[in-house]
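What follows is a set of notes on a single structure, which appears directly below.
Just so it is clear, none of the values below were taken in a lab; they were calculated from the coordinates. Worth saying up front: this structure is predicted, and the values here are computed from it rather than measured. Because the Cβ atoms are built from the backbone with ideal geometry, glycine has one as well, and the counts that use them run over all protein chains shown.
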Amino acid sequence: MSYTIPQLEEFLETTEKKYGGLITNVPIKHVSERDPRSERYLSTRGMQGGDRMLPTAYNSEYAQHLLPFVNSSMAPTIVEVGILKGSGLALWGDLFPNGSVIGLDISLTYFEDNLQTLLDLGAFPNKLPEVFEFDQFVSNSNYLEKILKGRTIDIFVDDAYHTDETILQTLEDAIPFLSDTFVCFLEDNNTVVKTIRKKYPQFKVYSKEWLTILCQNS
């Protein structure tokens, strides 16, 4: 099927809801050894997910930049950092049934506990995603090379720790493995874009409120 942007927006929103939609106040069970947040802070805060494709969030921007991939015959490699319960991975599996979906997170517990629910809802009909523990506070270039096994990244999503430090570290690790045609979505941070523009002038960099998007210069 060839999509228009409105059709793709509807698909993204509907599919995200299908696999659980918005979840809030998910307890933080595991963090990096380098995480500066106190135990008291962590015990009183929760994680949120399943809301990126809402019309009030990033749906329009995702649809616009994903459309060329969706309407092509390619089987892209998608890497998502920060998978929580896996609704995003399930969405990518539906959108790109022949693609490679890779999920990275500091902890895989919530995804593993929710996997059967996703399967019962029809997720991953062709193949399961590849998931790996991943600490954004450290350099992961060699680790990513092992994970990718010669593949390059077509679509990259950072929806994990959201600080300038971790976004920049993870982006630096990912850049050597980006495909010639790629798009990167960096979520929930409205300050890192300034550094990215200065550090990576070779890329097109778009910013809308709390979302930064990178792609190749054509």
Enter the per residue convex hull volume of the chain, computed from alpha-carbon coordinates, in Å³ rounded to the nearest integer. 121 Å³
Return the distance in nm (one decimal) between the two label points of a simple spin-label model at S107 and D120, each offset 7 Å from Cα along Cα→Cβ. 2.3 nm
In whole angstrom, note down how far apart the Cα centers of the range 141-218 and the range 1-69 are. 17 Å
Considering Cα pairs under 8 angstrom that are at least six residues apart, work out the relative contact order of the range 1-150 and quote it in whole percent. 23 percent
Springs between alpha-carbon atoms under 10 Å, Gaussian network over the chain: tell me which of T163, T44, T24 tops the mean-square fluctuations. T44
Please work out the FRET efficiency for the pair V31 and D180, using the Cβ-Cβ distance as r and a Förster radius of 45 Å; give the result to the nearest 0.05. 0.80
Once the principal axes of the Cα atoms of the range 27-97 are found, what is the range along each, listed largest first in whole angstroms? 48, 26, 18
What number results when the radius of gyration of the range 66-159, computed over Cα atoms, is divided by 2.2 N^0.38 Å? 1.05
Fraction of antiparallel bridges per DSSP, the range 70-218 only, in percent to nearest 5: 40 percent
Hey, if you drop one equal point scatterer on each alpha-carbon of the range 1-45 and run the Debye formula without solvent, what base-10 log of I(q)/I(0) do you get at q = 0.19 Å⁻¹? -0.69
Treat each spin label as a single point 7 Å out from the Cα along the C-beta direction, and report the E145 to S60 distance in nm. 4.2 nm
Assign unit charges at the C-beta atoms only (+1 for Lys and Arg, -1 for Asp and Glu), then state the dipole size of the range 150-218 relative to its Cα centre in Debye, rounded to the nearest 20. 380 debye
For L42, placing the label point 7 angstrom along Cα-to-beta-carbon and taking the range 130-170, residues whose amide nitrogen sits under 16 Å are 134-138, 161-162
Label the range 1-119 by shape, choosing from rounded, prolate and oblate, from the square roots a ≥ b ≥ c of the eigenvalues of the Cα gyration tensor; if a/c is under 1.5 it is rounded, and otherwise prolate applies when a/b is larger than b/c, oblate when it is not. prolate
Which of the peptides 153-162, 59-68 is most tightly packed, and how do the rest follow, going by the mean number of other Cβ atoms within 10 Å of each residue? 153-162, 59-68
For the chain, what does the helix formula give at 222 nm: sum of -39500 (n - 2.57) over DSSP H segments with n ≥ 4, over the residue count, nearest 500 deg cm²/dmol? -11000 deg cm²/dmol
FRET efficiency estimate (nearest 0.05) - Cβ-Cβ, S218 to D164, R0 30 angstrom: 0.60
Considering the Cα trace of the range 158-207, what is its radius of gyration and what is Dmax, both in angstroms? 10.3, 27
Using only the alpha-carbon atoms of the range 60-108, report the extent along each of the three principal axes, biggest first, to the nearest angstrom. 33, 24, 13
Under 22 Å between C-alpha atoms, the lysine pairs in the chain lying 8 or more places apart or on different chains count 12
Residue of R52, R37, R197 that the Gaussian network model of the chain assigns the largest fluctuation, springs spanning Cα pairs under 10 Å: R37
If you place +1 on the Cβ of every Lys and Arg, -1 on the Cβ of every Asp and Glu, and leave all else neutral, what size is the dipole of the range 1-86 about its Cα centre, to the nearest 20 Debye? 380 debye
Which value in nm describes the separation of the simple spin-label points at Q7 and A75, placed 7 Å from the Cα toward the beta carbon? 2.3 nm
